1. Please report the spacing between the Cα centers of the range 189-260 and the range 112-184 in Å, no decimals.
2. Suppose a student asked you for the relative contact order of the chain, using Cα pairs under 8 Å spaced at least 6 residues apart; what percent would you report?
3. Restricting to the chain, what percent of DSSP beta bridges are antiparallel, rounded to 5?
4. Where does the range 1-59 land on the Kirkwood hydrodynamic radius, alpha-carbon pairs, in angstrom?
5. Going by alpha carbons, how many degrees (0 to 90, nearest 10) lie between the helix axis of 122-135 and the longest principal axis of the chain?
6. In whole Å, what are the extents of the range 16-120 along the principal axes defined by its C-alpha atoms, from largest to smallest?
7. Pick out which of 274, 43, 18 has the largest mean-square fluctuation in a Gaussian network model of the chain, springs linking Cα atoms closer than 10 Å.
8. At q = 0.23, 0.24, 0.31 Å⁻¹, what is the base-10 log of I(q)/I(0) for the range 213-260 according to the Debye formula with one equal point scatterer per Cα and no solvent? Please give it to two decimals.
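Each value in this text was obtained by applying a stated rule to the coordinates, not by laboratory testing. In this text the structure is predicted, and so the values were computed from the model without any measurement. Counting neighbours? That spans all protein chains shown, and the Cβs are built from the backbone with ideal geometry, glycine included.
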Ligand code: PEP
Ligand code: MG
């Protein structure tokens, strides 16, 4: 199988009926970037910038951040990289970044984390914005914000970037060729107001790890619950279908960047729902590219519509049977 995956490295992932599926990788370290060439992925769909913060004893300086982002972009060559602004706080607490009243939160995953921290500690986001803008001079900067729960949070974060951009422009510094701003959809509340936020976005990235945890009110880090809720449950799949419907005809990219997309049956379900862009763990790229090459989207879509209208007791079983009966 390894040889089969290697052979697919240079092959664009396309279904039997010719749909191009974009398969990207999730990364967080400079050393993850060579995985792009090893796997033949289309780009980095999620670069978790907080890793640099988590492995550092002190707040990484703006210069260090700029250097890392520049290195990552250079190593990625002409493949796109989507940088996610820091998702720290909550369970990824940093000793040098503490809430004024301590860090002991009862529910850190639902607490002071991600964009909530970044918007309150504006110096942090300002420095990161400058670093990303400077590192992207002459290229396209793709940046997305984690845990957007209401549209104003996206606007506020974007405004921090725009102010830094204005500053660089006044300084006559070289600017990015283009800036694409995106939001992560991982808090269910955002799904209710997609019509309000989508016109302001270049892309939407669905973080199914957090989204599942919040939809089921089930801590993603609690091993007692790990097996209880299935990504292939009708609630998740119908929720995703609804997101795609609400994005409607707006010409924005919609990517799934949670772990779900790297698993075979889950990827099948996502493609059946209409997802065309996945950002997954690098080891899954070969298997998912191979899977893509064996499916007929038209057939899969029809089956998925049936399953969602009348969910089988065992959706996982139904998908597995569908796949094995076609030699997938
Ligand atoms: C997610 O929540 O699905 C996601 C991709 O972000 P993270 O796993 O880093 O929280
Ligand atoms: Mg998340």
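1. If we compute the Cα centre of each part, the gap is 23 Å.
2. So the answer I get is 20 percent.
3. Among the beta bridges of the chain, antiparallel pairing accounts for roughly 15 percent.
4. 13.3
5. 80
6. 55, 34, 21
7. Highest fluctuation of the listed residues: 18.
8. Log-scaled intensity ratios, in q order: -0.93, -0.98, -1.26.
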